[in-house]
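One structure is given below, encoded as structure tokens.
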There are 2 protein chains.
Amino acid sequence: MYKMPVVRVYAKNEIVVEIEVQKCSNLLDVLQKNSFDIEASCGGKGVCGKCKVRVKKGQKPYLENLTQEEKRHLREDEISSGVRLACRVEISEDLDVFLKKSSEKTNILSHFTLNDFEREDNIIVKKVVLQPPSLDDQKSYELRLKEAIGDCNLKILPRTLQKLARLKEQEFYAIIYSDEVVDVKNSSLAFGLAVDVGTTTVVCYLVDMVKKEVVDFYSFINPQKKFGADVISRIDFAKEKEEGLFILQNEIIKALNESIQILTSRNYISQDDILRIVFVGNPTMLHLLLGVDPQTIAVSPFVPVFTESVYAKPNDLGLEINPAGAIEILSSISAYVGSDIVAGILSTKLHKSPKVSLLLDLGTNGEMVLGSSSFMLACSTAAGPAFEGVNISCGMGAVEGAIDSVKIENGKVHFTTIGSKQPVGICGSGVVDVIAYMLKEAIIDETGRFCDKNNVYKSYIKQVNNQQAFFITDSVYITQRDIREIQLAKAAISAGIKTMIEYAKITEDDIENVYLAGGFGNYINPWSAVEIGIIPKKLQNKIILVGNSAGAGALLVLLSKKMEFEAQEIVKKVNYIELSNSAEFNKFFMESMIFENLS
Amino acid sequence: MYKMPVVRVYAKNEIVVEIEVQKCSNLLDVLQKNSFDIEASCGGKGVCGKCKVRVKKGQKPYLENLTQEEKRHLREDEISSGVRLACRVEISEDLDVFLKKSSEKTNILSHFTLNDFEREDNIIVKKVVLQPPSLDDQKSYELRLKEAIGDCNLKILPRTLQKLARLKEQEFYAIIYSDEVVDVKNSSLAFGLAVDVGTTTVVCYLVDMVKKEVVDFYSFINPQKKFGADVISRIDFAKEKEEGLFILQNEIIKALNESIQILTSRNYISQDDILRIVFVGNPTMLHLLLGVDPQTIAVSPFVPVFTESVYAKPNDLGLEINPAGAIEILSSISAYVGSDIVAGILSTKLHKSPKVSLLLDLGTNGEMVLGSSSFMLACSTAAGPAFEGVNISCGMGAVEGAIDSVKIENGKVHFTTIGSKQPVGICGSGVVDVIAYMLKEAIIDETGRFCDKNNVYKSYIKQVNNQQAFFITDSVYITQRDIREIQLAKAAISAGIKTMIEYAKITEDDIENVYLAGGFGNYINPWSAVEIGIIPKKLQNKIILVGNSAGAGALLVLLSKKMEFEAQEIVKKVNYIELSNSAEFNKFFMESMIFENLS
């Protein structure tokens, strides 16, 4: 039998994708069609030399048919280790392809840890053969199907009846979800999607509902971002711009359909094989997803239109999966504490442990939960976009060329950039590192002011627009005003934590685990976070990075009815603290402006 | 306040329609826009003189602004009684308009009798004012709405949340159906449709679900008719023609949407105000409505794809009502006994009486039910299209110009035509009348053969294509072969009735009521039906014309959850008799070929 070559692609995130390709396919084409972001500014003509990938055949570097263009563009050590120009490689046999870190544009958080949990059959796939009819047994094919499944109370929608009319007496598979036969078909494929809709990034996990495992994921920058970086600016856009709400909804739906297209095509399944989507996100993102005007979220008394779970059909939102499939938007807690946090609680099991834990989700906003199996408090602080690089002189998002980690020691400054590119700016984790080391090395004092007495780093400090600034490179620096921005942001989070501790009538010593989740929260250096006082020093050794705990929780709900129920219970148990009129919070906020964890 | 003139239109079927119109509207325009079928071959220019209507202002003939064209086209007695040319009348005040019988193209059955029944609130309209939020009470508007309604378990779809976001703190109306808030809006309007999808005609009743009354109806010829007159030819079209199934579904959906458009616009409501549709029909029509291939209905062992109730969303079928609304296709009994018969049982209350009744639905097919509160039998006979005028030499449908009743007495032939037009053919009820009188006057004998000895009607009998034929007019006649066709059709129905009586182990004397329903069944002269032996002579005085009992049953289900449940119970109770392999039926069929009720 003829076997098509298989290309196994190892991307930075350690997800391995296997792609079956036609013989003589061009490697660059294959990678680009499968949404790997490979730079090829010449359009694949062998001219620019940018589409470098490392190719192996088995354990050996793949050196077959090396072209003149490759010899011109690649160094000898590159060639001997299997580096090739993807545009010059024709695939004639099975190959392993390793992408460079730089081929991923952004630090989108998509990994997570799934602990053991119950995965029961909430989507049932059943092979059926209907009893053939006769003049003595004329009952409908629908009834025969229900009898074959063993449940005569199942509902069947017209589209499934249409398909049943075609399959009739063949052997086929019935897909059952909840009280409905959602599909009948020749294959036993049944997939679901768990989607975390973040303000900045969206992650879609593709789940095989039969094998009960994540088979792929796809993440992208929320395309609404071009209309506003944070939730407030999006709400303003929806309110002030004509058709604004429609535009924002349309953007996210379009992007989700593109993701579905990519995930289905690269996993060789059809859109009809996807039968359920579970969405989590902050309430504003969920309002925009459903096309529900979120403007009351932005103004006091901060009331969302909905917080409870919404169950819809794919057509209600224009999502291109099986039309008989089910869409669930997981329930939220309040206007600023969304189902992403509920999912985070669920996946960290914070609500099940008798010990008190703190869950910090540091993204564009800072949401936090303090609690255990006996109580839960939640609040949201407007940490603001400073941690995302916004309102910082040389700030930028966590994309290629951003300084993402910095070390200042022995009179020297060391840093890394995303994609190992030339530094063009600094992102949140870099800013926090710089300030942490500036405190450690006494370049600034506990009030955040530059210390004139420090001489070791004198050469790094220059004036910019009448302010003192610390220069990491010739063009990337942190000004006095930047430090003030970070002070405000870190004070908000720190005060939120302290307020919850006070409300709970516990002390920092009572906290056993600090779960750090969310985009920024997961790339931040925990030491730096403690150093500048985001997280109390006493909790330093209790920090656990939980990755995309929201996505993990969405997966749990997708895979388990019991988990869905547990999520609803969590929402009922959590007490939300509104910080905007909390005297305690204001007091702690003022106190937290100072950098307290000086060494 | 300015008040628009109101035109009250009295159509033949005694349904009165009130239409509010702009001052100076043209009456012909108004009537045509509101789907009254007025002939105006000159296009409303006052030339053809065909658009005659009788117009009154209060009790008096309306003679204002009589035009030269009207004086030319109308007789003096017409003018004095208020007859006008609709194209010449400008409406400047309230008028009553009476349409001639001829302005209705076809004898579409749309009247019916609704007995007293329970109409409980299955669609609830509730005026609500939400509690205003505060910083101490930040719960969502959705929760406020549920609290205002008093049921926190209600579901709400995205579209309703979108509307809720716009209404918020205003006073508004919530529309609740089943476990869902299907709409929130400024008006309290809530309508439903009960639709009887016949092979030949479709009737849509518009129901005010708040007042619980039928406010209007609209009927039309099933546009699928052009692809086949009976169910078998439609099934063949769906099977053999590429895209045939899709074409047939599309035709009916398009026509239904047009009806919805007409009913909503002439009742000044919006499509969003229609929240539920209940469909009844024979199984083939229901399969085509849902786009489900009905081909197994046409061949032994005659198995439908579905018989149970189907619950769908408007978008599943492309029906243009409130997208959150509900579509119900009422359950059927077997491949040839549909939900129209279930609805007929429901509305005649056959299933509730301890006395045995017979329900005969004589349309394109002949379906019948024999039963009482203790048992029910149903069967379907291929009465065939002869009763609809098909396969009859001069046969035609019950449309304008068809001879619909005939009397043969004292050597003379009398007849009427639909629309009092020149006779161009003969429809089913006319054919049955002719044959009944030919038997009575001994023009034919009990075997159906022409009696040579009869001299009184000699002048009416001539040879056509080597056959004897009875001439009603110069060009409309009934041949020996036509009589054989009717013998076959009547034998099928008669044998069906006898088979059921035998199965039930009762006699004709045990039957208390014979409900005659359906298109043909309702226009047939009961005396003639008995005379030619369709209905046993003993039952002659027990015949009750029940009009569109199917539509009446659909209305009951639309208005009452209890009735919906009762319909399901009826389906479970009815025993279907398959006649195609019944020895009893074959025996009775042969016996019934003879005309038995000779006088």
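Of all residues in region B:534-566, which are surrounded by 24 or more Cβ atoms within 10 Å (Cβ to Cβ) and among the small types (Gly, Ala, Ser)?
Matches in region B:534-566: B:549, B:550, B:551, B:552, B:553, B:554.
Is it true that some residue in region A:474-483 is crowded, with 18+ Cβ neighbours inside 10 Å and of a type in the set (Gly, Ala, Ser)?
Checked against the condition, which is being crowded, with 18+ Cβ neighbours inside 10 Å and of a type in the set (Gly, Ala, Ser), region A:474-483 yields no hits at all.
Looking at region B:12-37 only, could you name the residues that are of a type in the set (A, V, I, L, M, F, W, C) and either at pLDDT 75 or above or over 31 Å from the mean Cα position of the chain (by Cα) (or both)?
Residues of region B:12-37 that are of a type in the set (A, V, I, L, M, F, W, C), as a first pass: B:15-17, B:19, B:21, B:24, B:27-28, B:30-31, B:36.
The answer is B:19, B:21, B:24, B:27, B:28, B:30, B:31.
Which members of region A:416-444 meet the condition of being in contact with an Asp or Glu (Cβ under 8 Å, 6 or more places away or on another chain) and either over 17 Å from residue A:481 (Cα atoms) or among the aromatic types (Phe, Trp, Tyr) (or both)?
Correct list: A:416, A:417, A:418, A:419, A:421, A:429, A:437, A:440, A:441.
Restricting region B:261-279 to residues that are surrounded by fewer than 22 Cβ atoms within 10 Å (Cβ to Cβ) and touching a helix residue (DSSP H, G or I) at 6+ places or on another chain (Cβ under 7 Å), which is farthest from residue B:177 (Cα to Cα)?
That would be B:264.
In the set B:554, B:504, B:529, B:489, which member is touching a strand residue (DSSP E or B) at 6+ places or on another chain (Cβ under 7 Å) and farther than 22 Å from residue B:375 by Cβ?
Working: B:504 fails: farther than 22 Å from residue B:375 by Cβ; B:529 fails: touching a strand residue (DSSP E or B) at 6+ places or on another chain (Cβ under 7 Å); B:489 fails: touching a strand residue (DSSP E or B) at 6+ places or on another chain (Cβ under 7 Å).
B:554 is the lone residue from the list that is touching a strand residue (DSSP E or B) at 6+ places or on another chain (Cβ under 7 Å) and farther than 22 Å from residue B:375 by Cβ.
Got at least one residue in region B:62-82 being modelled with pLDDT of 80 or more, within 35 Å of the chain's Cα centre (by Cα) and more than 29 Å from residue B:399 (Cα to Cα)?
Looking for residues that are modelled with pLDDT of 80 or more, within 35 Å of the chain's Cα centre (by Cα) and more than 29 Å from residue B:399 (Cα to Cα), one finds at least one in region B:62-82, hence yes.
Does at least one position in region A:94-101 carry a residue that is at pLDDT 80 or above and within 14 Å of chain B (Cβ to nearest Cβ)?
no
Can you name the condition, by its number, that residue B:384 falls short on among (1) at pLDDT below 90; (2) in contact with a strand residue (DSSP E or B) (Cβ under 8 Å, 6 or more places away or on another chain); (3) surrounded by 16 or more Cβ atoms within 10 Å (Cβ to Cβ)?
(2)
Considering every residue within region B:229-245, establish whether at least one is within 14 Å of another protein chain (Cβ to nearest Cβ), at negative phi and surrounded by fewer than 17 Cβ atoms within 10 Å (Cβ to Cβ). Lay out the reasoning, then the answer.
We begin by selecting, within region B:229-245, every residue within 14 Å of another protein chain (Cβ to nearest Cβ); these are B:235, B:238-239, B:243-245.
Still in the list and also at negative phi: B:235, B:238-239, B:244-245.
Within this subset, residues satisfying the condition of being surrounded by fewer than 17 Cβ atoms within 10 Å (Cβ to Cβ) are B:239.
Yes, there is a match, as at least one residue in region B:229-245 is within 14 Å of another protein chain (Cβ to nearest Cβ), at negative phi and surrounded by fewer than 17 Cβ atoms within 10 Å (Cβ to Cβ).
Going by the structure shown, is residue B:270 away from chain A (no Cβ under 11 Å) and in contact with a Cys (Cβ under 6 Å, 6 or more places away or on another chain)?
Numbers: away from chain A (no Cβ under 11 Å): yes; in contact with a Cys (Cβ under 6 Å, 6 or more places away or on another chain): no.
In short, no.
Condition check ((1) of a type in the set (Lys, Arg); (2) out of contact with any helix residue (DSSP H, G or I) (no Cβ under 8 Å at 6 or more places or on another chain)) across all residues:
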| site | (1), (2) |
| --- | --- |
| B:447 | no, yes |
| B:459 | no, yes |
| B:469 | no, no |
| B:498 | yes, no |
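Filter region A:282-340 for residues that are surrounded by 24 or more Cβ atoms within 10 Å (Cβ to Cβ) and assigned to a strand (DSSP E or B); which is nearest to the other protein chains (Cβ to nearest Cβ)?
My answer is A:310.
For region A:579-588, which residues satisfy the criterion of being out of contact with any Phe, Trp or Tyr (no Cβ under 7 Å at 6 or more places or on another chain) and within 11 Å of chain B (Cβ to nearest Cβ)? Spell out the reasoning first.
In the first step, residues of region A:579-588 are kept if they are out of contact with any Phe, Trp or Tyr (no Cβ under 7 Å at 6 or more places or on another chain); the result is A:580-588.
A:580, A:581, A:582, listed by residue number.
Based on this model, can you work out whether residue A:196 counts as within 30 Å of residue A:338 (Cβ to Cβ), touching a residue at least 24 places away in the same chain (Cβ under 8 Å) and more than 14 Å from chain B (Cβ to nearest Cβ)?
Details: within 30 Å of residue A:338 (Cβ to Cβ): yes; touching a residue at least 24 places away in the same chain (Cβ under 8 Å): yes; more than 14 Å from chain B (Cβ to nearest Cβ): yes.
Yes, satisfied.
Test of understanding: among B:421, B:462, B:458, which residue is touching a strand residue (DSSP E or B) at 6+ places or on another chain (Cβ under 7 Å), surrounded by fewer than 24 Cβ atoms within 10 Å (Cβ to Cβ) and not assigned by TED's automatic domain parsing to the domain that holds residue B:363? It would help to see each step written out before you state the result.
Details: B:421 fails: touching a strand residue (DSSP E or B) at 6+ places or on another chain (Cβ under 7 Å); B:458 fails: touching a strand residue (DSSP E or B) at 6+ places or on another chain (Cβ under 7 Å).
Checking each option against the conditions leaves just B:462.
Which of the residues that make up region B:402-412 are surrounded by fewer than 18 Cβ atoms within 10 Å (Cβ to Cβ) and either out of contact with any Asp or Glu (no Cβ under 9 Å at 6 or more places or on another chain) or over 17 Å from residue B:524 (Cα atoms) (or both)? If you could, list the steps in order and put the result at the bottom.
Quick first cut of region B:402-412, residues surrounded by fewer than 18 Cβ atoms within 10 Å (Cβ to Cβ) only: B:407, B:409-412.
Correct list: B:409, B:410, B:411, B:412.
Which residue, of A:151, A:208, A:179, A:216, is in contact (Cβ under 8 Å) with a residue 60 or more places away in the chain and acidic (Asp, Glu)?
A:216
Of the conditions (1) under 25 Å from residue A:236 (Cα atoms); (2) within 14 Å of another protein chain (Cβ to nearest Cβ); (3) hydrophobic (A, V, I, L, M, F, W, C), residue A:255 fails just one. Which one is it?
Against the list (1) under 25 Å from residue A:236 (Cα atoms); (2) within 14 Å of another protein chain (Cβ to nearest Cβ); (3) hydrophobic (A, V, I, L, M, F, W, C), residue A:255 comes up short only on (2).
For region A:538-568, give me each residue that is of a type outside the set (A, V, I, L, M, F, W, C) and either free of Cβ contacts under 8 Å to residues at least 12 places away in the same chain or within 14 Å of chain B (Cβ to nearest Cβ) (or both). Give the derivation first.
In the first step, residues of region A:538-568 are kept if they are of a type outside the set (A, V, I, L, M, F, W, C); the result is A:538, A:540-542, A:547-549, A:551, A:553, A:560-562, A:564, A:566, A:568.
Within region A:538-568, A:541, A:568 meet the criteria.
What tally of residues in region A:141-151 results from selecting those that are more than 9 Å from every other protein chain (Cβ to nearest Cβ) and surrounded by fewer than 22 Cβ atoms within 10 Å (Cβ to Cβ)? Steps first, please.
Initially, region A:141-151 is screened for residues more than 9 Å from every other protein chain (Cβ to nearest Cβ), giving A:145, A:147-151.
Next, from what is left, pick out any that are surrounded by fewer than 22 Cβ atoms within 10 Å (Cβ to Cβ): A:147-151.
Residues that pass the stated criteria total 5.
Inspect region A:154-174 for any residue being at pLDDT 95 or above, closer than 30 Å to residue B:574 by Cα and away from chain B (no Cβ under 11 Å) and give the result as yes or no.
For region A:154-174, residues at pLDDT 95 or above, closer than 30 Å to residue B:574 by Cα and away from chain B (no Cβ under 11 Å): present.
Considering only residues that are touching a residue at least 60 places away in the same chain (Cβ under 8 Å) and out of contact with any Leu (no Cβ under 8 Å at 6 or more places or on another chain), which ones fall in region B:483-494? It would help to see each step written out before you state the result.
Just the residues of region B:483-494 that are touching a residue at least 60 places away in the same chain (Cβ under 8 Å), to begin with: B:485-494.
Those that are touching a residue at least 60 places away in the same chain (Cβ under 8 Å) and out of contact with any Leu (no Cβ under 8 Å at 6 or more places or on another chain): B:485, B:486, B:487, B:488, B:489, B:490, B:491, B:492, B:494.
Among the residues of region A:162-175, count how many are surrounded by 20 or more Cβ atoms within 10 Å (Cβ to Cβ) and either of a type in the set (S, T, N, Q) or within 22 Å of residue A:311 (Cβ to Cβ) (or both).
2
The values are calculated or read from the model by the stated rules, or taken from the named source; none is laboratory data. Please read all numbers here as calculations on a predicted model, not as lab measurements. Note that each Cβ is placed from the backbone with ideal geometry, even for glycine, and that neighbours are counted across all protein chains shown.
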